[in-house]
Amino acid sequence: MTEPAAPVSTLPARPTDPDAVAETAGVSREAAALLLDSDVIDLHLDTFIPPRLPLVRYDLFKRHERGGLLGGRFFGHLDLPRALSGGLTGGMWSITTNPFRRASRRWVVFQKNLERFRAMVAATEGRLRLVRTLAEYRAARDAGAHGVFLSIQGGNALQRAPEGLASLGPDQPIVRVTLVHLTNAAFGITSSPFRLWKGKRGLTDEGRDFVRMLNAHRVFVDLAHINRAGFWDAVEVHDKSQPLIATHTGVNGVRRVWRNLDDDQVKAVADTGGTVGIIFARNFLRPRGGAKDASLVVDHMSHVIDVAGEDFVSIGSDLDGAIVPPSDLRNGDSYARLVQKMLDRGWSDRRVKKVLGGNYLRALGALRPE
């Protein structure tokens, strides 16, 4: 990771002036004020990927205007200045496992990436803070810090860990693990077209044991990316007292595609008290002839609400995860614009606050009761 481009003290504070936010994001003062009065937590941020890309010098401490790399296509959606000035009070920041790395190297590389991530957080001098519980998040927010809920995308990063998550010590920082990513793994089959074989196989015995291990550590089992059979295997084997989540997905009720969840899957997550995070990837959101802007995200959120209720949907953007968002959702101003689209639908302030962060925090409190 490159060194900070400027002193960390130049990182912006979370904004407090709704008029300034409204002007910058091009939204109403009402939308800006509601954003600033809310917990705003994105369930899937992949912004740790660009600094790890070969031949790319992407400084997370530098503001990258106009979407950064490639104009906001695939990468360059966020950096630390834009995440903070955009109003995020917290986020599930992901350490993503390279899906094509050989198994013998994943655990070694994960440990190195975890060390780099910890160093990045430490370099913010308190502007970002690793948090694991509702109390820790609230303490961070009260201190003006952004709460980092550290996550793993691709649970096979832990496949060779001698004691699973326990290998990271008694204070291990991981809050959520996605069982698989874009390729098949020892734990199960991906929903992705990159899978080496199809069929109806779900979780392997090792995958079932992996779910039980996550439950034992009270770590969110994330059902994004798993194939349908594996999804239902995880629902069957998981600790029924703990909420399940699907952090970054769309829904087939709006756009039918391999990446999205059907209504039964949405209900299954809701039945556990979990939440479904809606992705910003345009190709998973937009039906033929559909809108081309942030209202696509609200369309999918609305469907989750119709199916399961307003307590079970969240934001799970997947920014910097090699996606192409609608053009108005490619930087830190995305969250204010999304609030505007919700208000345009006539959503109440209470519903908007639930979607922005309240639903996730409720699930976190159930997962890790104080």
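Listing for the model above:
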item	result
Of residues in segment 70-105 being farther than 27 Å from Arg129 by Cβ and part of a helix (DSSP H, G or I), the one farthest from the chain's Cα centre (by Cα)	Ser104
Filter result for the condition that a residue is closer than 30 Å to Leu296 by Cβ and touching a residue at least 12 places away in the same chain (Cβ under 8 Å), over Thr204, Thr247	Thr247
Yes/no for Ile315 being under 22 Å from Gly90 (Cα atoms), touching a Lys or Arg at 6+ places or on another chain (Cβ under 9 Å) and not aromatic (Phe, Trp, Tyr)	no
Cβ-Cβ under 6 Å pairs, at least 6 apart or on other chains, segment 131-151 side over 17 Å from Leu36 (Cα atoms), far side among the aromatic types (Phe, Trp, Tyr) and in a helix (DSSP H, G or I)	Val131/Tyr137
Matching residues in segment 129-148 - criterion: being assigned to a loop (DSSP other than H, G, I, E, B) and buried (at least 19 other Cβ atoms within 10 Å of the Cβ)	Val131, Arg132, Ala145
Candidate set from segment 159-195 (those that are of a type in the set (S, T, N, Q) and crowded, with 16+ Cβ neighbours inside 10 Å); member that is nearest to the chain's Cα centre (by Cα)	Thr178
Tally of residues being in contact with a strand residue (DSSP E or B) (Cβ under 9 Å, 6 or more places away or on another chain), without any contact (Cβ under 8 Å) to a residue 60 or more places away in the chain and assigned to a loop (DSSP other than H, G, I, E, B) across segment 308-332	2
Meets criteria (under 17 Å from Leu223 (Cα atoms), surrounded by 20 or more Cβ atoms within 10 Å (Cβ to Cβ), modelled with pLDDT of 95 or more and not basic (Lys, Arg)) for Ser151	yes
Condition check for Arg116: charged (D, E, K, R), outside any loop (DSSP other than H, G, I, E, B) and surrounded by fewer than 17 Cβ atoms within 10 Å (Cβ to Cβ)	yes
Residue match in segment 287-294 (condition: in contact with a strand residue (DSSP E or B) (Cβ under 9 Å, 6 or more places away or on another chain), in contact (Cβ under 8 Å) with a residue 12 or more places away in the chain and crowded, with 23+ Cβ neighbours inside 10 Å)	no
From the options Asp333, Asp320, residue that is surrounded by fewer than 24 Cβ atoms within 10 Å (Cβ to Cβ) and at pLDDT below 95	Asp333
Tally, over segment 116-130, of residues that are touching a Lys or Arg at 6+ places or on another chain (Cβ under 9 Å) and in contact (Cβ under 8 Å) with a residue 40 or more places away in the chain	2
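The values are calculated or read from the model by the stated rules, or taken from the named source; none is laboratory data. It should be emphasised that the depicted structure is a prediction, and the values quoted were computed from it without experimental measurement. Cβ coordinates were reconstructed from backbone atoms using ideal geometry, including for glycine residues, and neighbour counts include every protein chain displayed.
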